[in-house]
Amino acid sequence: MKTTAQITVFCPHPSDDILNWATEGLLKLESRALRSDDIIGGRLFSGANEQAEENSRTAALAKTEGALINIVNNLADSDFITPAIIE
């Protein structure tokens, strides 16, 4: 991770990589789904859930805050795209 951005991951069942990054202090992990009160003040969101319904819910929550959203592999529902590697 080459960013100084504050990253928070909301995931009930995180992968080993996410768990390791949280342990190393590279991101904050919330082991649950995103809630509406979690988006306050957020400006940039990514939906990377394997369930389209959860990605749609994430997008709707982010848009209520006026934030930009990227849904992985879903250009039509995204406000922006990202390259394969984000620095």
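The values are calculated or read from the model by the stated rules, or taken from the named source; none is laboratory data. None of the values given here were measured: they were computed from a predicted structure. Note that we place each Cβ from the backbone using ideal geometry, even for glycine, and neighbour counts take in every protein chain shown.
Confirm whether residue 66 is more than 18 Å from residue 9 (Cβ to Cβ) and loosely packed, with under 12 Cβ neighbours inside 10 Å. Judged against the criteria, residue 66 is a match. Count of region 5-26 residues, restricted to those that are of a type in the set (S, T, N, Q) and either part of a loop (DSSP other than H, G, I, E, B) or assigned by TED's automatic domain parsing to the domain that holds residue 54 (or both), is 2. Per the conditions (1) farther than 18 Å from residue 82 by Cβ; (2) part of a loop (DSSP other than H, G, I, E, B); (3) not hydrophobic (A, V, I, L, M, F, W, C), the sole criterion not satisfied by residue 2 is (1).
Per the listing 37, 17, the residue uniquely out of contact with any Cys (no Cβ under 7 Å at 6 or more places or on another chain), over 23 Å from residue 65 (Cα atoms) and not hydrophobic (A, V, I, L, M, F, W, C) is 17. For region 49-65, taking the residues that are touching a strand residue (DSSP E or B) at 6+ places or on another chain (Cβ under 8 Å) and charged (D, E, K, R), the one that is farthest from residue 34 (Cα to Cα) is identified as 63. Pairs linking a residue in region 18-45 that is touching a residue at least 24 places away in the same chain (Cβ under 8 Å) and surrounded by fewer than 10 Cβ atoms within 10 Å (Cβ to Cβ) to a residue that is small (Gly, Ala, Ser) and not in a helix (DSSP H, G or I), with Cβ atoms under 8 Å and 6 or more positions apart or on different chains, do not occur.
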